[in-house]
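J.: The structure that follows is given in the form of structure tokens.
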Amino acid sequence: MEEALAFHIIGELFLTSEKIDDLKLIKKVLIEAAKKAGLTILNSKFHKFKPQGVSGFIMISESHLSIHTWPESGYVAVDVFTCGEPLQCRTAYDCIVSMLKPSYHTEMVIKRGRFNEHKEPEKSIVYE
């Protein structure tokens with residue numbers, strides 16, 4: 001993987017399961033992912049929505065992990081952003097996927113703060 005200041009994986013998980021509406025489980029998944037990746041947890045906040053859905057955020061010294069669930073749609077949004085070793089970002093994301101066991105998932109890996117690319121981009125990319 002090329003040199004960068006940080007690595008960011010944005011994941012979309014699709015699964016129909018009551019577990020994505022379980023606050024305790026979602027918290028366990030994110031904490032386990034951070035620990036398995038060797039990340040340093042500084043703080044966390046999780047919230048259970050009514051009638052359904054969970055959001056959670058873990059602040060790590062290397063950046064953050066977040067998760068947002070839409071049980072009614074069978075959808076989970078995951079964000080893993082770490083500085084340092086790219087393997088830590090990958091390990092944390094893969095742990096989340098393996099614990100939630102989605103039917104399928106997609107991911108976007110972004111290398112943040114690339115050292116070896118000093119030229120200005122030709123255009124900005126806007127995602128809609």
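J.: Looking only at residues that are in contact with a strand residue (DSSP E or B) (Cβ under 7 Å, 6 or more places away or on another chain) and polar (S, T, N, Q) in segment 39-55, which one is nearest to Arg90 (Cα to Cα)?
T.: Thr40
J.: Just to be sure before I move on: is Ala6 part of a strand (DSSP E or B), in contact with a helix residue (DSSP H, G or I) (Cβ under 9 Å, 6 or more places away or on another chain) and within 16 Å of Arg112 (Cβ to Cβ) in the structure I sent? Write out each step before concluding.
T.: Numbers: part of a strand (DSSP E or B): yes; in contact with a helix residue (DSSP H, G or I) (Cβ under 9 Å, 6 or more places away or on another chain): yes; within 16 Å of Arg112 (Cβ to Cβ): yes.
When the stated conditions are applied, Ala6 passes them.
J.: Residues Lys19, Lys27, Lys36: which one is touching a strand residue (DSSP E or B) at 6+ places or on another chain (Cβ under 7 Å), under 18 Å from Cys95 (Cα atoms) and among the charged types (D, E, K, R)? Can you show your working first?
T.: Details: Lys19 fails: touching a strand residue (DSSP E or B) at 6+ places or on another chain (Cβ under 7 Å); Lys36 fails: touching a strand residue (DSSP E or B) at 6+ places or on another chain (Cβ under 7 Å).
Step by step, each of Lys19, Lys27, Lys36 is checked, and only Lys27 is touching a strand residue (DSSP E or B) at 6+ places or on another chain (Cβ under 7 Å), under 18 Å from Cys95 (Cα atoms) and among the charged types (D, E, K, R).
J.: Mind checking which residues of segment 63-79 are touching a helix residue (DSSP H, G or I) at 6+ places or on another chain (Cβ under 7 Å) and free of Cβ contacts under 8 Å to residues at least 60 places away in the same chain? Give the derivation first.
T.: Let us first name the residues in segment 63-79 that are touching a helix residue (DSSP H, G or I) at 6+ places or on another chain (Cβ under 7 Å), namely 65, 67, 69, 71, 76, 78.
Listed by number, the residues that qualify are Leu65, Ile67, Thr69, Pro71.
J.: Answer yes or no as to whether Thr91 is buried (at least 18 other Cβ atoms within 10 Å of the Cβ) and either over 13 Å from Asp21 (Cβ atoms) or in contact with a helix residue (DSSP H, G or I) (Cβ under 6 Å, 6 or more places away or on another chain) (or both). Write out each step before concluding.
T.: Details: buried (at least 18 other Cβ atoms within 10 Å of the Cβ): yes; either over 13 Å from Asp21 (Cβ atoms) or in contact with a helix residue (DSSP H, G or I) (Cβ under 6 Å, 6 or more places away or on another chain) (or both): yes.
When the stated conditions are applied, Thr91 passes them.
Rule-based calculations on the coordinates, nothing more; no lab input. It should be emphasised that the depicted structure is a prediction, and the values quoted were computed from it without experimental measurement. Note that we place each Cβ from the backbone using ideal geometry, even for glycine, and neighbour counts take in every protein chain shown.
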